[in-house]
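Taking it in order: structure first as structure tokens, then the write-up.
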Amino acid sequence: MSSAPAAREARTSPFSGVNPVFIGYELRRRFNRQTTIFTLLLPAVLYLALFRTEPDGATLPHGNFAAWMMTGIAVYGAATAAVSSAATISVEKASGWMRTVALSPLAPPGYLFVKVLSSVLMAAVPVAVVGVLGVFTGVEATTQVWVTSLLVAWLGAAVFAALGITLGLALKPETVMHMPGLTMTALAFLGNLFIPLSGTMLDISRYSPMFGVATLARYSLTEGYSFSGEHSSLAMAVVNTVAWFAAFSFMAVRRFRKSTGRN
């Protein structure tokens, strides 16, 4: 990327310094061979290992267990891709790129918006892969379920892009490289993505970051009901998602301002 043309264009942009050149630069950095293969393989392997592990007597209003698992793995894959992509900001911080940004007209909201946008676009890759696997492995669901579940799983990655930026700004590159996989896998188990939860574990799960997005993505399939008959409302899922997105975004902005010395 040529910094001089980008800087000149940024000065004329009314969108916090955001311009198409910077967005294109960020996207090219995200879609490299190594990260794309990683984001493709992990969700695919998990889906193929889990889509036949339904509980005895499992029934759903608008599809089968494979559809439930496909949606959960799509949420997990999108979230992990978004966190991994956004957390690369730690390398930029360590290399001094953040200080360069601080001298440019690019305001913190614009810089963070581009990070979230490029990470969400990256998250479309695992969602598409899991969706294709669902077609060939017997997922049964209505057209509405297919569209809404995969679309919500993809767009919900914005919540975890904000988390990735926070982790990237708070931790050193050698540490943050190992954090996304471990953190997101733990949150996925807690968020009712891999194993159907019930009772106390489901009650605890409702306060975790992935539960809201997963419940929204599965709502057209399950109408909010778990396999054990417990109900989670649409309003609660929306509040969970918005609250965690606001919390992660707030922390990301604070960490960014502290890193660049800009207010």
Based on this model, can you work out whether VAL130 counts as in contact with a Pro (Cβ under 9 Å, 6 or more places away or on another chain), open to solvent by less than 10 Å² (accessible area, probe 1.4 Å), in a helix (DSSP H, G or I) and over 26 Å from LYS93 (Cα atoms)?
yes
Residues satisfying the stated conditions in the range 136-146, i.e. surrounded by fewer than 17 Cβ atoms within 10 Å (Cβ to Cβ) and either touching a residue at least 60 places away in the same chain (Cβ under 8 Å) or over 13 Å from GLY63 (Cα atoms) (or both):
PHE136, THR137, GLY138, GLU140, THR142, GLN144
Looking at the range 54-108 only, could you name the residues that are among the hydroxyl-bearing types (Ser, Thr, Tyr) and under 30 Å from VAL145 (Cβ atoms)?
THR59, THR71, TYR76, THR80, SER84, SER85
Out of the residues in the range 198-216 that are closer than 25 Å to ALA162 by Cβ and assigned to a loop (DSSP other than H, G, I, E, B), which is most open to solvent (accessible area, probe 1.4 Å)?
TYR207
Give the residues of the range 91-111 that are within 16 Å of VAL253 (Cα to Cα) and either at pLDDT 80 or above or assigned to a loop (DSSP other than H, G, I, E, B) (or both), sorted by residue number.
LEU106, ALA107
Determine the pairs where a residue that is touching a residue at least 12 places away in the same chain (Cβ under 8 Å), located within the range 159-182, has a partner that is of a type in the set (D, E, K, R) with Cβ atoms under 6 Å apart, the partner being 6 or more residues away or on another chain.
ILE165/LYS115; THR166/ARG255; LEU169/ARG255; ALA170/ARG255
Based on what the data block shows, is ALA235 open to solvent by 60 Å² or more (accessible area, probe 1.4 Å) and either under 25 Å from ALA141 (Cβ atoms) or part of a loop (DSSP other than H, G, I, E, B) (or both)?
yes
Counted residues in the range 217-232 being in a helix (DSSP H, G or I) and free of Cβ contacts under 8 Å to residues at least 24 places away in the same chain come to 0
Counting only residues in the range 155-183 that are open to solvent by 70 Å² or more (accessible area, probe 1.4 Å) and not basic (Lys, Arg), the one nearest to the chain's Cα centre (by Cα) is identified as LEU155
With the requirement that a residue be modelled with pLDDT under 90, over 20 Å from LEU50 (Cα atoms) and not hydroxyl-bearing (Ser, Thr, Tyr), what does the range 174-228 give you?
GLU174, VAL176, MET177, HIS178, MET179, PRO180
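The values are calculated or read from the model by the stated rules, or taken from the named source; none is laboratory data. Quick caveat: nothing in here was measured; it's all calculated off a predicted structure. Please note: Cβ atoms are built from the backbone with ideal geometry, for glycine as well, and neighbour counts cover all protein chains shown. The area values use the complete protein model at the heavy-atom level, side chains included, leaving out ligands, DNA and RNA. Shrake-Rupley method; radii C 1.70, N 1.55, O 1.52, S 1.80 Å.
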